[in-house]
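Report on one structure; see the data block that follows.
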Amino acid sequence: MNTSRLIPLFTSFIASRQMTDLLYTEKDLVTSLKDYIRAEEDKLEQVKKWAEKLDVLSATATQDPEGFLGHPVNAFKLMKRLNTEWGELESLVLKDMSDGFISNLTIQRQYFPNDDDQTGAAKALMRLQDTYRLDTHTISSGELPGTNKDVAMSPMTVEDCFELGKIAYSDADYYHTELWMEQALKQLDGGEESSVDMVTILDYLSYSIYQQGELERALDYTKRLLKLDSAHQRANGNLKYFEYQLAKQNKVEAAEGQKEKETREREKREASDKKGRPADYLPERRKYEELCRGEGIKMTLRRQSRMFCRYSDNNRHPLYVLGPVKQEDEWDRPRIIRYHDILSNSEIEKVKELAKPRLRRATISNPITGVLETAHYRISKSAWLTAYEDPVVDKINQRIEDITGLNVKTAEELQVANYGVGGQYEPHFDFGRKDEPDAFKELGTGNRIATWLIYMSDVPSGGATVFTDVGAAVWPKKGSAVFWYNLFASGEGDYSTRHAACPVLVGNKWVSNKWMHERGQEFRRRCTLNESE
């Protein structure tokens, strides 16, 4: 639920479960393709044997045609071959061995990603590139931070880099067009073979650089293009235009005074700093991306010294007196607590098993109507699990109530979310603000008083939960849960709880969360008149 949201650079997402299904679909298709190849090879082997046999026979027969045909058996067999056997060979050659493969491909095609999915995956890569400040070579080579060296990885080809550049170009994103066309060019210059020719790449590259105001570089690439194809009509036209514009620019600069030159240099530096930022770039996005990289965290050593780990029995709760939970302070204001070893591996797998068949694009509460709907700034798949459908879900709900001391009967159902590579949730609040009085009207349980977030997987790289207002970052740890209050005890919203889920760089992130509401907490968390308590 977020009205002052950041606009993401991509809107397509496929959950890791679906990606796994696609991987096995491709494996089946490869098996089917190999069966087809074997069938074709068997057919060719039969044709080859026939040709070799007749080659020897024809060579012998044509040395003495009359003598050969003077033998009645040879004459009969020649008639038989031409009348029957060549016809059978024709049928064999014309036989289509691809029926099984084509049939399988047709059936499986309905599950294939579409153009929007491919574009979304490309934009996800570019978003990861920006958020984690990765150069194109790092991405193209697959040497991403957190990558398991034992996992097979196929480096990007010239065609792959070119495709990313084209997708950026179609969005008038000339910054990423330049980056990926240059990477494609580097790989071509390095000797990689490709069906994409250098002239095409240089054409995109020179124009994207020109669109960013760098006339000299655009001119250099245009000249390089024309050395390869001197008759290129568009490049010849661009050459004259760029030279004219550059001469005009140089003339203006030559006439400038010292003050104007300093102003222009400053403007160039500012433009360079902003290069690649979308038009709607907000300071919060910069903060968000810094925190995702582990930068800009505002926890001083003095404050860190007040953070503790402890065993908690939740005020001598009967279940936890003998087996207390491990509690760790993650942040002080707002207070964010991590509880370790909250879910076992078997419980996690059961929750994932229940959720996988129902994973759908994640929903948020419309701040105006209160109705759940999909949002383009939350890129994940989610499912809701009720307490009565499996004992594990009921046990988890009870565990949350026992540890937090809050009533879960008025809480929302357990939500399970899966963030695949590039999956994220941009900065938002979990509670309804004063300008959203009907945010949770349909539930009839008041505002979201607290959030309980369980990490159900480790994430090799990326995927942190960051709090942009206070500069906090919490990293996923399988089996642990983090907890914070969204509302002060007065019922006022705590605006320092604005948070986000960073894009997953490597791996995939499974979480489940429980949003507790105000109703039912009247005697569990006493109200105060102080708005900031």
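Assuming charge only on the beta carbon of Lys and Arg (+1) and of Asp and Glu (-1), the dipole of the range 16-110 about its Cα centre is about 160 debye to the nearest 20. Using the Cβ-Cβ distance between residue 228 and residue 133 with R0 = 45 Å, the FRET efficiency computed as 1/(1 + (r/R0)^6) comes to roughly 0.85. Ordering 507, 294, 397 by Cα displacement along the dipole of the chain toward the positive end leaves 397 in first place; charges were set at the Cβ atoms of Lys, Arg (+1) and Asp, Glu (-1). For residue 388, the shell of other residues with beta-carbons less than 12 Å away shows a net charge of -4, using +1 for Lys and Arg and -1 for Asp and Glu. In the chain, the DSSP-assigned H stretches of four residues or longer account for a calculated mean residue ellipticity at 222 nm of -14500 deg cm²/dmol, using -39500 (n - 2.57) per stretch and the full residue count as denominator. A full extension of the chain between residue 68 and residue 321 corresponds to an added length of 80.6 nm, given 0.36 nm per residue minus the alpha carbon distance.
With a Förster radius of 41 Å applied to the C-beta separation of residue 349 and residue 153, the computed FRET efficiency comes to 0.95.
Placing +1 on the Cβ of every Lys and Arg and -1 on the Cβ of every Asp and Glu, with no other charges, gives the range 289-517 a dipole of roughly 380 debye about its Cα centre.
Looking at the chain, the accessible area is 54 square angstrom per residue; that uses a 1.4 Å probe and ignores ligands, DNA and RNA.
In this simple spin-label approximation, residue 236 and residue 332 carry label points 7 Å from Cα along the Cα→Cβ vector, and these lie 7.3 nm apart. Overall, the chain carries a charge dipole of about 1800 debye about its Cα centre when +1 sits on the Cβ of Lys and Arg and -1 on the Cβ of Asp and Glu, all other atoms neutral. Against the chain, whose longest principal axis comes from its Cα atoms, helix 283-292 is set at around 80 degrees. Taking only the Cα atoms of the range 289-517, the radius of gyration and Dmax are 16.9, 48 Å. Scoring 104-113, 288-297, 133-142, 239-248 by mean Cβ neighbours within 10 Å over their residues and listing the highest first yields 288-297, 133-142, 239-248, 104-113. Going through (i) 1.24; (ii) 0.92; (iii) 1.37, the figure that equals Cα Rg over 2.2 N^0.38 Å as computed for the structure here is (iii).
Unpaired cysteine residues in the chain (no second Cys Cβ under 4.7 Å): 161, 309, 527. Taking 19 Å as the cut-off, the amide N atoms of the range 16-44 that come nearer than this to a point 7 Å along the Cα-to-beta-carbon line of residue 99 belong to 32-44. Look at the dipole of the range 115-274 built from charges on Cβ: of 194, 206, 249, the Cα furthest out on the positive end belongs to 249.
Summarising the label geometry, the points placed 7 Å from Cα in the beta-carbon direction at residue 458 and residue 477 lie 1.2 nm from one another.
Protection proxy ranking of 18-28, 384-394, 440-450, by the mean of other Cβ atoms within 10 Å over each peptide's residues and highest first, is 440-450, 384-394, 18-28. Partner lysines whose Cα lies under 28 Å from the Cα of residue 287, excluding those fewer than 8 positions away in the same chain, are identified as 123, 268, 274, 275, 298, 381, 434, 477, 478, 509, 514.
Sorting 164-174, 333-343 by their mean Cβ neighbour count within 10 Å, with the most densely packed peptide first, gives 164-174, 333-343.
For the range 49-67, backbone nitrogen atoms closer than 13 Å to the point 7 Å from residue 75 Cα along Cα-to-C-beta are found at 66-67. Label-to-label distance for residue 91 and residue 250 is 7.8 nm, based on points extended 7 Å past Cα in the beta-carbon direction.
If R0 is taken as 41 Å, the Cβ-Cβ distance between residue 282 and residue 413 corresponds to a FRET efficiency of 0.80.
The values are calculated or read from the model by the stated rules, or taken from the named source; none is laboratory data. Just so you know, these numbers come straight off a predicted model, no measurement behind them. Cβ sites come from the backbone with ideal geometry, for glycine too, and all protein chains shown count toward neighbours. Note: areas computed on protein heavy atoms with side chains; ligands, DNA, RNA excluded. Shrake-Rupley method; radii C 1.70, N 1.55, O 1.52, S 1.80 Å.
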